[in-house]
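Structure, as structure tokens:
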Amino acid sequence: MTNALLPFRRREAFAWGFRPSTLRSLIEVGLWTRVRHGAYVVTRHRELIPPLLLHAGSVLPGLDGTPAISHESAATLWELPHLRPPQPWLQMTRCRRSQGRADYPHAIVHHAKVIDDHVSHAHVLPSTTPARTVIDIARLRGMRAGMVAADAAIGPSSTADGPLCTIEDLWEAVELCRGWPRVRTARWVIAHASTLSESPLESISRAVFYKHRVPQPLQQVWINDQIRVDFLWDAAKLVGEADGEMKYALDPAARRRQDEREATLRDLGYTVIRWGWDEALIEHEHLAARIRTALVDRRVPSHVGSSVDGWYSTKNSWFLAPACRLVG
């Protein structure tokens, strides 16, 4: 390791001139700390290293095949939202077809091609780029998780300097994954990604609309230049608001403001439908039915044709894919 903060391997310590007896003494007096078998860190540096990088720094050097932090672990490094709490295990990808030795506790090792254009060193240790991370999540975790990651990655506020990547970056990355398992799910996610989604709940809601063939609404629309709504079916004057109840439970004033906002919209002739996480994730059929009913009441078509060109599989893309094998 070239970064003095990160863990180093036993063989590196020997290369620096330390003897086994010296290494043991440094550990006994507390100057060095063993983070896993054969990997150490300077004790005073340990609190400065994020846990993910600490674990990755102790595992990556022991892997051949140019490994890189990937999938949900890479998403955590890039501060991309997760559909569900990320697994506690470090996820990595390396260029090997065989499984190799399974002696990496609390780590998931994926085997796939990782070209230089798909690797970033922005976090000191090698990790997949935001574009490749989105593709890996879509392929492994399905349509909803992929849309959450993709919308966040291309959103204008994903970082202080702008989006983590562009839609063009996603297309370029997925072209290099041609023929891979479930890559069509990733292509579908990219084709339907939006820079206008401002929360994971909004991204999941759009996935619900596509799955149940609900007409896609406009996003982030200003009404009368005074109220901005999450979703708008303009022809039906139907407003959709995707937000959880937590913020209202913590801030009663926010609830009052929201009630006043809805009253204003209704006075302007709009119907307002509101939903939260449970409906978007679990009761999505009920959510789609609510929206269709409101569209029918306004004499607006409530169904659209398939938006997935016939290849879309709900079994492989909508629900979570089977978990990857745990190594170690």
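Annotations for the structure displayed:
- Boolean, V189 is crowded, with 21+ Cβ neighbours inside 10 Å, touching a Gly at 6+ places or on another chain (Cβ under 7 Å) and assigned by TED's automatic domain parsing to the domain that holds V134: yes
- Only residues that are free of Cβ contacts under 8 Å to residues at least 40 places away in the same chain and either closer than 17 Å to A280 by Cα or of a type in the set (S, T, Y) (or both) were counted across segment 184-218, and they come to 1.
- Evaluated against (1) surrounded by 20 or more Cβ atoms within 10 Å (Cβ to Cβ); (2) in contact with a Phe, Trp or Tyr (Cβ under 7 Å, 6 or more places away or on another chain); (3) over 30 Å from Q91 (Cα atoms); (4) modelled with pLDDT under 95, G142 falls short on exactly one condition, (3).
- Meets criteria (modelled with pLDDT under 85 and β-branched (V, I, T)) for V35: yes
- P7 at negative phi and surrounded by fewer than 20 Cβ atoms within 10 Å (Cβ to Cβ): no
- There is at least one residue in segment 120-136 that is of a type in the set (G, A, S) and part of a helix (DSSP H, G or I).
- Verdict on A107 being under 16 Å from P86 (Cα atoms), more than 14 Å from the chain's Cα centre (by Cα) and in contact (Cβ under 8 Å) with a residue 40 or more places away in the chain: yes
- Some residue of segment 66-73 being part of a loop (DSSP other than H, G, I, E, B) and either buried (at least 19 other Cβ atoms within 10 Å of the Cβ) or modelled with pLDDT of 80 or more (or both): yes
- Residue match in segment 256-272 (condition: over 18 Å from R206 (Cα atoms), part of a helix (DSSP H, G or I), free of Cβ contacts under 8 Å to residues at least 24 places away in the same chain and in contact with a helix residue (DSSP H, G or I) (Cβ under 9 Å, 6 or more places away or on another chain)): yes
- Qualifying residue in segment 158-181 (condition: buried (at least 22 other Cβ atoms within 10 Å of the Cβ) and acidic (D, E)): no
- Every test in (1) in contact with an Asp or Glu (Cβ under 8 Å, 6 or more places away or on another chain); (2) over 15 Å from P81 (Cα atoms); (3) not assigned by TED's automatic domain parsing to the domain that holds H286 is passed by Q219 save one, and that test is (3).
- Test for L170: is it at pLDDT 90 or above and not in a loop (DSSP other than H, G, I, E, B): yes
- Residue check for V208: in contact with a Leu (Cβ under 9 Å, 6 or more places away or on another chain) and either modelled with pLDDT of 95 or more or in a helix (DSSP H, G or I) (or both): yes
- Only listed residue being surrounded by 18 or more Cβ atoms within 10 Å (Cβ to Cβ), in contact with a Ser or Thr (Cβ under 6 Å, 6 or more places away or on another chain) and either assigned to a loop (DSSP other than H, G, I, E, B) or at pLDDT below 75 (or both), chosen from V41, V59, V114: V114
The values are calculated or read from the model by the stated rules, or taken from the named source; none is laboratory data. No experiment lies behind these values; they were computed from the predicted model shown. Here Cβ is always computed from backbone atoms with ideal geometry, including for glycine, and neighbour counts include all displayed protein chains.
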